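Report on one structure; see the data block that follows.
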Amino acid sequence: MRLCRSEDGSILIEFALILTPMILILASMVDYALWIQKEMQFQEAASAAAAYGAIPGKIPESTAVTNATLDQMNALAMYVATGSSTTTNSAAFTVTPTTFYACTPGGAHVASTTTCASGAPFHYVQVTTTGTMDSLMKFRWIPSSMTLHGSATYRIEVNP
């Protein structure tokens, strides 16, 4: 009976009961922050590659992106996203540049031969980056990996 009335060690039990969920919450917050940081890196990588592609002369008037420009855009985006221009796991990060024409900024895509109210249509380059990031915590209710995206669209300036 005396043992039941003793409160020795009760704070230790309370601390142990509270510590476990607190560690899980903290680890989840760190995991989520890393996902957000990586998503921002992918967005910045897409923006850097699109800005490079929008430099006059990098992408010809045709809608095709040349292999040399594509390789340079991939290397730039890879460097911004991962800190290295090459990666051992290229399936974990992809860069997809596309070009299109539109009569107005944000307008519908049109053919390059379309005559717009303002004259010739504007030429755009859009770069989408996609990659996966593994979770630090491996629990049933937490995704083991997440697919992250970044996208940027720049208007290609014409040579003067």
(message) When you scan the range 42-59, do you find a residue that is more than 25 Å from the chain's Cα centre (by Cα), of a type outside the set (Phe, Trp, Tyr) and either at pLDDT 80 or above or not in a strand (DSSP E or B) (or both), even just one?
(response) yes
(request) Being exposed (fewer than 15 other Cβ atoms within 10 Å of the Cβ) and more than 24 Å from the chain's Cα centre (by Cα) narrows it down to one of Ala120, Ala102, so name that one. (result) Ala120
(message) Please go through (1) modelled with pLDDT under 80; (2) touching an Asp or Glu at 6+ places or on another chain (Cβ under 9 Å) for Ser145 and return the number of the only condition it doesn't satisfy.
(response) (1)
(message) With the requirement that a residue be assigned to a loop (DSSP other than H, G, I, E, B), loosely packed, with under 12 Cβ neighbours inside 10 Å and of a type in the set (Ser, Thr, Tyr), what does the range 123-160 give you?
(response) Ser144
(request) Could you please let me know if Met29 is part of a helix (DSSP H, G or I), under 23 Å from Gly150 (Cβ atoms) and either modelled with pLDDT under 80 or among the charged types (D, E, K, R) (or both)? (result) no
(message) For the range 26-57, give me each residue that is among the charged types (D, E, K, R), touching a strand residue (DSSP E or B) at 6+ places or on another chain (Cβ under 9 Å) and closer than 23 Å to Ile142 by Cβ.
(response) Lys38, Glu39
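This table checks each residue for (1) surrounded by fewer than 15 Cβ atoms within 10 Å (Cβ to Cβ); (2) under 26 Å from Ala92 (Cβ atoms).
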| site | (1), (2) |
| --- | --- |
| Glu14 | yes, no |
| Ile18 | yes, no |
| Met29 | yes, yes |
| Lys38 | no, yes |
| Ala48 | no, yes |
(request) Output the residue which, of all residues in the range 91-106 that are more than 30 Å from Ile36 (Cα to Cα) and in a loop (DSSP other than H, G, I, E, B), is modelled with the lowest pLDDT. (result) Thr104
(request) From (1) over 30 Å from Ala27 (Cβ atoms); (2) in contact with a Phe, Trp or Tyr (Cβ under 9 Å, 6 or more places away or on another chain), pick out the condition that doesn't hold for Val95. (result) (2)
(message) I'm told Thr113 meets every condition in (1) at pLDDT below 85; (2) in a strand (DSSP E or B); (3) farther than 30 Å from Ser28 by Cα except one. Can you identify the failing condition by its number?
(response) (2)
(request) Of the numbered conditions (1) farther than 22 Å from Ala50 by Cβ; (2) surrounded by 12 or more Cβ atoms within 10 Å (Cβ to Cβ); (3) of a type outside the set (A, V, I, L, M), Thr115 fails exactly one; give the number of that condition. (result) (2)
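The values are calculated or read from the model by the stated rules, or taken from the named source; none is laboratory data. Here the structure is a predicted model, which is why all the values come from computation and not from measurement. Counting neighbours? That spans all protein chains shown, and the Cβs are built from the backbone with ideal geometry, glycine included.
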